[in-house]
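Read the structure below first, then the notes.
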Amino acid sequence: MCVRPPVLAAAFALSAAAQTLLPARPGVILYREGQAWLNGAAVEISAPRWVEMRPSAMLTTGHGRAELLVNPCTLLRLDGHGALRMVVNSLTAARLELVAGSAVIEADGGSRTGSVELVIQHRVVRVAQSGVYRFDSVPPRLRVYYGAAEVEGVRRRIAGGRSVDLTDAAISPFDRKQIDALQQWSDLRSWQLMDESGILAQSGRPRICAP
């Protein structure tokens, strides 16, 4: 399996699913696999009673993973043994903190759908374009597979194929073909969303957010 270019599978899926299956609220936990807790309570998901992360809420995982709808155009997937804090829960300006573990963000629509920022060890990363972004807390690092990100303390945008050490802001290239189990799972979830929304049966693939 591989990470697809900026025309993202999750983006295709949500354009249809958002109208029929998904809540029009930010910070909703859409899916969990294995162990996941919100503020210490086990996450139990059943529509229409969606589990929402409010400001200061903490999402943690054990032997499991979780998927969060940050806004209608952005998904965050948290790996096992991770911790994610909601700082600002807003459709127009969301901010989260990756306290532990790793996460993947798939975004579509860019800044016109609302800003999304992720904090790692007090350094702020802003998702600036549609794309695929990988975040790790140890060592603190951002890898941009596709798209572009803005990192606090770095003067230029970080483009696809570039990695940033969030300790010293050093930028280096990396091999985008190298992916791990988290990214394979994220890729699988994208295809599952497409299947659930019926988009796999369509010849055309609409985007989540119209221009």
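The values are calculated or read from the model by the stated rules, or taken from the named source; none is laboratory data. The structure displayed is predicted, hence computed values, not measured ones. So basically every Cβ, Gly included, is an ideal-geometry build from the backbone, and we count neighbours across all protein chains shown.
Quick grid of which residues meet (1) at pLDDT below 95; (2) of a type in the set (Lys, Arg):
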position: THR92; (1), (2): yes, no
position: GLY101; (1), (2): no, no
position: GLN129; (1), (2): yes, no
position: ARG155; (1), (2): yes, yes
position: ILE158; (1), (2): no, no
position: SER163; (1), (2): no, no
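For segment 113-134, the candidate set comprises residues that are charged (D, E, K, R) and in contact (Cβ under 8 Å) with a residue 40 or more places away in the chain; within that set, the residue that is farthest from GLU97 (Cα to Cα) is ARG134. From the list ALA66, ALA57, ALA42, ALA17, the one residue that fits, being modelled with pLDDT under 95, among the hydrophobic types (A, V, I, L, M, F, W, C) and either under 14 Å from the mean Cα position of the chain (by Cα) or at negative phi (or both), is ALA17. Scanning segment 155-178 for residues that are more than 25 Å from ARG85 (Cβ to Cβ), without any contact (Cβ under 8 Å) to a residue 12 or more places away in the chain and in a loop (DSSP other than H, G, I, E, B) yields a total of 5. Might you let me know whether segment 117-128 holds any residue that is surrounded by 18 or more Cβ atoms within 10 Å (Cβ to Cβ), touching a helix residue (DSSP H, G or I) at 6+ places or on another chain (Cβ under 6 Å) and among the β-branched types (Val, Ile, Thr)? No, because not a single residue in segment 117-128 is surrounded by 18 or more Cβ atoms within 10 Å (Cβ to Cβ), touching a helix residue (DSSP H, G or I) at 6+ places or on another chain (Cβ under 6 Å) and among the β-branched types (Val, Ile, Thr).
Here's the yes/no breakdown for (1) outside any strand (DSSP E or B); (2) touching a strand residue (DSSP E or B) at 6+ places or on another chain (Cβ under 9 Å); (3) β-branched (Val, Ile, Thr):
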position: GLN35; (1), (2), (3): no, yes, no
position: PRO55; (1), (2), (3): yes, yes, no
position: GLY62; (1), (2), (3): no, yes, no
position: VAL70; (1), (2), (3): no, yes, yes
position: LEU75; (1), (2), (3): no, yes, no
position: HIS81; (1), (2), (3): yes, yes, no
position: ARG85; (1), (2), (3): no, yes, no
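Of the residues making up segment 129-154, those that are surrounded by 23 or more Cβ atoms within 10 Å (Cβ to Cβ) and assigned to a loop (DSSP other than H, G, I, E, B) are SER130, GLY147.
Residue pairs whose Cβ atoms lie under 9 Å apart, separated by 6 or more positions or on different chains, with the first residue in segment 26-41 and within 12 Å of LEU76 (Cα to Cα) and the second among the aromatic types (Phe, Trp, Tyr), are VAL28/TRP50; ILE29/TRP50; LEU30/TRP50.
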